[in-house]
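To keep things clear, I will list the structure first and then write my remarks on it.
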């Protein structure tokens, strides 16, 4: 985006013309086309014989969080989310068990579970970490975000969801300065807040201050969970640059680890936040496909 | 439309008047509903979701829930939220994000259809009107306008108009008041201007909602304020004050026992005529125009 396009993106106004609305109405129905989840049938039947159910679902929606997710080791590719309007042209051809490249416009779904629950529960088995990771490497237009969120969340059942998103520093209305510090904030659904109150715990990540709003895919995901009474948290980072910064990456990983530990998921926290993951994630920053806008 | 609240909460909408904004120019409707919710402190019924509305989330748009002790911060706000005044046939539907480009008509049909199915008695639409499109006759008069779908609501608005007029004593005491300041009550929208708007801007809010209400026979009052984009907090307050006067004048579908015993007609708010109601701005307005900065830098 040039600086004029950026100004339009960051200072929206409601002055829509009649002609614009009329011109858009003929093709606006395409916003309601659902996303399609495709699964590795053999693996999903083996690891999830009772359907797509997990303890924690993590969805990464920005380049920084996707870099973190890609760096997590011992994950298995389980499926992908195909978004309407997202072309697969230019994507790499993945062979064997290789992961897609950071620049590919894909949305892979990974699992950290190495064995079916019955096997994993046996003494001496591999560490049972019941986590599904969705790494959205393409940009979901804000008009398509509600239906995309519905398409994915209707297919996966989880006890708790964590969404990782970003907002531009120009849209942040709080007192912190994103150019001087790493700003990460949390939003929670009512169900998540209730669980926290019952546990008597205080959230480890500061809440997004009043007066600031988040839009786009992260907002659609959290809104869906709120309306359906599901427990979910959104961690949103305030970014100065689109490609992400190592310091913000580490802060996000630390916040995610703290959040998972506060929910009693120490194993998942250890898998997400360790030296090897951070080193690999730092290398992956800046290699992602360019995201034009966040909302 | 999906709604977080259960069937018992939806039951509360039956026979109620719902106040909602038409999300358009200068966001005046949403600002006015913000003021009304912060002032009247209705009960939060739940979040509503529509695939035709852009998503937005934030924390603590209003004061913390008073039923929790101690009050807990971090109450999630979504694009569409429903509130109900306990004991009154009055509800608020706040909308914080617009319908998607090209989906205004679809959203209006979805929303009005859902409200009709829930059994609401009528709507009060709060909206901004483009100040650049004012005719000469509108420049020097009150900047508030109303339009009602039936005689009963029109009479209520006219009664509210009389309450909103400054008294002759006030004008005498403060002759320096400008005509605009003196005219803080709503005038009826000129029929020819309404017809022109429906012809030229029928796809833009509030007109899709108005058309849907008329098509489904749902009574409505449209309350608008001419405004230009900028710091519209003042217009929001003014529109909220006008809405309170109209709500106080609209007859309650089921008056309270006290009003029945006295044989008086009771407004939706159950307040006596000309009752003063101090308006409050919600805490979320603190960030309306960006972050504050330390004055020491100058």
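Values quoted throughout were computed directly from the atomic coordinates according to the rules given, and no laboratory measurement underlies them. Given the structure is predicted, the values throughout are model-derived calculations rather than measurements. Heads up, the Cβs are rebuilt from the backbone with ideal geometry, glycines too, and the neighbour counts pull from every protein chain shown.
Couple of notes before you dig in:
- By the beta-carbon count within 10 Å of each Cβ, the least crowded to most crowded order of B:39, B:78, fewest first, is B:39, B:78.
- Across peptide A:24-34, the average count of Cβ atoms from other chains found within 10 Å of a residue's Cβ is 4.
- Label point distance in nm, residue A:99-residue B:233, each placed 7 Å from Cα along Cα→Cβ: 4.7
- If both residues of a DSSP beta bridge must be in region A:35-291, then about 45% of such bridges are antiparallel.
- Inter-chain Cβ neighbour average for residues B:45-54, partner chain, 10 Å: 5
- Given in Å, the Rg to one decimal and the Dmax to the nearest whole number for the Cα atoms of region B:19-131 are 14.3, 45.
- Spin-label pair residue B:199/residue A:258, simplified geometry with 7 Å Cα→Cβ offset, distance in nm: 6.2
- Each eigenvalue of the Cα gyration tensor of region A:31-79, multiplied by 5 and square-rooted, gives one semi-axis; in descending order these are 21, 18, 10 Å.
- A crude spin-label estimate for the pair residue A:197 and residue B:65, with each label 7 Å from Cα along the Cβ direction, gives 0.5 nm.
- Just so you know, the averaged projected area of the alpha carbon convex hull for region A:159-271 sits at 7.2 nm².
- FRET efficiency, residue B:139 to residue A:20 (Cβ-Cβ, R0 22 Å, nearest 0.05): 0.20
- Note on residue A:177/residue A:41: beta-carbon distance plugged into 1/(1 + (r/R0)^6) with R0 of 41 Å gives a FRET efficiency of 0.25.
- For a label point 7 Å along the Cα-to-beta-carbon line of residue B:41, residues of region B:74-92 with backbone N under 13 Å: B:86
- Grouping the Cα pair distances of region A:35-291 into 5 Å bins from zero gives a pair-distance distribution of 1, 6, 14, 19, 20, 19, 13, 6, 2, 1, 0 percent in increasing distance order.
- Note on residue A:27 and residue A:283: with the Förster distance fixed at 56 Å, the Cβ-Cβ geometry gives a FRET efficiency of about 0.90.
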